[in-house]
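Written out below as structure tokens is the structure these notes cover.
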Amino acid sequence: MSGSQGKVNAAARSHGRILVVDDEEALVRVIARSLMAAGYEVSTAADGMRAVDLLAEAPFDAILSDIDMPKMNGIQFLKNVRQRDAEVPVVLITGNPDLGSAVQAVAHGAMQYLIKPVNMEELRKVVARAVGLNRMAKLKRDAFAIVSDGGLGASDQLALGATFERALETLWMAYQPIVRADNRSLFGYEALLRSEEKALPHPGAILDAAERLGRLDDLGRSTRAAACAPLAQAAPSCVLFVNLHARDLMDELLLSPKSPLSAVANRVVLEITERASLEKVKDVRAKIKELRRMGFRIAIDDLGAGYAGLTSFATLEPEFVKLDMSLVRDIDQNHTKATVVRSMVSVCKELGMMVVAEGVETPPECDLLVALGCDFLQGYLLAKPGKAFPTFVW
């Protein structure tokens, strides 16, 4: 132990690098020893200013900081951290909790707010989750670098409003099976948007039109109602995955007990895409909590192809994650993809999340994804999307 400032342990970094900031030297020693025993490399600082110097020297996987400190308090330190690193998980600790500091902590992106005296077992669990989330953020950046191709161009046709209306009028849902990897049995279906409108030939074009026209609410409500309409025809144990745009979380009808989807909430997983940011959704945590109270479960869709960072994982705490098909495609021939997916699956399991591999098209892809630990598979190899409800072949 080298004292209350500087690096405490230069052990291997297999579990992550943690920065502990607190002016109570005895508490710092206890926390540091506990985390070192759990396999972390720990650095400490007695105040925020010294901690800022350490941040400039090397990155950390998680930060624990007291709020009440001389020279620079924990909230000021948190602001400084966010100017340098928008993603690193920060856990604030205080012996004098008050609503004002809690609000400021959340506003500046604190992951959690702990009260002294801190239970060491609880603290280790919080640190493990923080490091896991940070690892996932890095993996998502790696995945995005692998699969990013600049995206598709938007439809730019005249009379877009009339075209969109025709798309809504001819909207229908296709369903694609999601199959358990361990016993090859049916788990559920994903409901996929379709339309007969030729000018908007795929779901991305319809969504783009809705965004440009300010009609995402209309599209979301129509899609959700159509998705659950035939569910009574499916087996009682069958789960329905329904896609949500981030904007749908701001639609009050989504949370209404009278909406068609709410009546079957305990059979529905709401997929929220990684391709859209949640930052503009007001009170998103409260909305997600209410959706869970109603019986819904949450999935993060398009993992590996969307926004890098911790926001979606830390905010949604999903039960399921869906690997984007761009990561799955030819994974058996791409060592880099396989390595990233293996790590993603490992982190997801550590965080208690189940993994769905989308876009499985070949037996070698399927075999490798099962070997990498994916819980569920979905793709043309098993069944193409079809009207309610297509069968599948392994």
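So which of SER277, SER237, SER256 is within 19 Å of VAL321 (Cβ to Cβ), surrounded by fewer than 16 Cβ atoms within 10 Å (Cβ to Cβ) and at pLDDT below 95?
SER277
Can you go through VAL81, VAL88, VAL20, VAL28 and tell me which one is in a loop (DSSP other than H, G, I, E, B) and surrounded by 21 or more Cβ atoms within 10 Å (Cβ to Cβ)? It would help to see each step written out before you state the result.
Values: VAL81 fails: in a loop (DSSP other than H, G, I, E, B); VAL20 fails: in a loop (DSSP other than H, G, I, E, B); VAL28 fails: in a loop (DSSP other than H, G, I, E, B).
Step by step, each of VAL81, VAL88, VAL20, VAL28 is checked, and only VAL88 is in a loop (DSSP other than H, G, I, E, B) and surrounded by 21 or more Cβ atoms within 10 Å (Cβ to Cβ).
Can you pull out the residues in region 66-78 that are part of a helix (DSSP H, G or I) and open to solvent by 30 Å² or more (accessible area, probe 1.4 Å)?
Selection gives GLN76 alone.
Do you know which residues across region 30-69 are of a type in the set (Val, Ile, Thr) and farther than 21 Å from ILE115 by Cβ?
If the condition is that a residue be of a type in the set (Val, Ile, Thr) and farther than 21 Å from ILE115 by Cβ, then VAL42, VAL52 are the ones that fit.
Kindly indicate which of ALA225, ALA145, ALA209, ALA199 is modelled with pLDDT of 90 or more and either in a helix (DSSP H, G or I) or among the aliphatic types (A, V, I, L, M) (or both).
ALA225
Could you say whether any residue in region 99-109 is open to solvent by less than 10 Å² (accessible area, probe 1.4 Å), at pLDDT below 90 and under 23 Å from the mean Cα position of the chain (by Cα)?
Yes, because at least one residue in region 99-109 is open to solvent by less than 10 Å² (accessible area, probe 1.4 Å), at pLDDT below 90 and under 23 Å from the mean Cα position of the chain (by Cα).
Just to confirm my filter: which helices (runs of 4 or more DSSP H) fall fully inside region 285-394 and include at least 3 residues that are open to solvent by less than 20 Å² (accessible area, probe 1.4 Å)?
Correct list: 311-316, 335-350, 363-371.
Hey, among VAL264, VAL242, which residue is touching a helix residue (DSSP H, G or I) at 6+ places or on another chain (Cβ under 6 Å), within 25 Å of ARG285 (Cβ to Cβ), open to solvent by less than 70 Å² (accessible area, probe 1.4 Å) and outside any helix (DSSP H, G or I)? Working first, answer last.
On the way: VAL264 fails: outside any helix (DSSP H, G or I).
Result: VAL242 is the single residue among VAL264, VAL242 that is touching a helix residue (DSSP H, G or I) at 6+ places or on another chain (Cβ under 6 Å), within 25 Å of ARG285 (Cβ to Cβ), open to solvent by less than 70 Å² (accessible area, probe 1.4 Å) and outside any helix (DSSP H, G or I).
Within region 31-65, take every residue that is open to solvent by 40 Å² or more (accessible area, probe 1.4 Å) and aliphatic (A, V, I, L, M) and give me the one that is farthest from the chain's Cα centre (by Cα).
Within region 31-65, the match that is farthest from the chain's Cα centre (by Cα) is MET49.
Here are some conditions: (1) in a strand (DSSP E or B); (2) open to solvent by less than 40 Å² (accessible area, probe 1.4 Å); (3) over 24 Å from GLU319 (Cα atoms). ARG194 meets all but one. Which one does it not meet?
(2) is the only condition that ARG194 fails.
The values are calculated or read from the model by the stated rules, or taken from the named source; none is laboratory data. This is a predicted model, so every value here is computed, not measured. As a convention, Cβ positions derive from the backbone with ideal geometry for all residues, glycine included, and neighbour counts pool all protein chains shown. All accessible areas refer to the heavy atoms of the entire protein, side chains included, with ligands and DNA or RNA removed. Shrake-Rupley method; radii C 1.70, N 1.55, O 1.52, S 1.80 Å.
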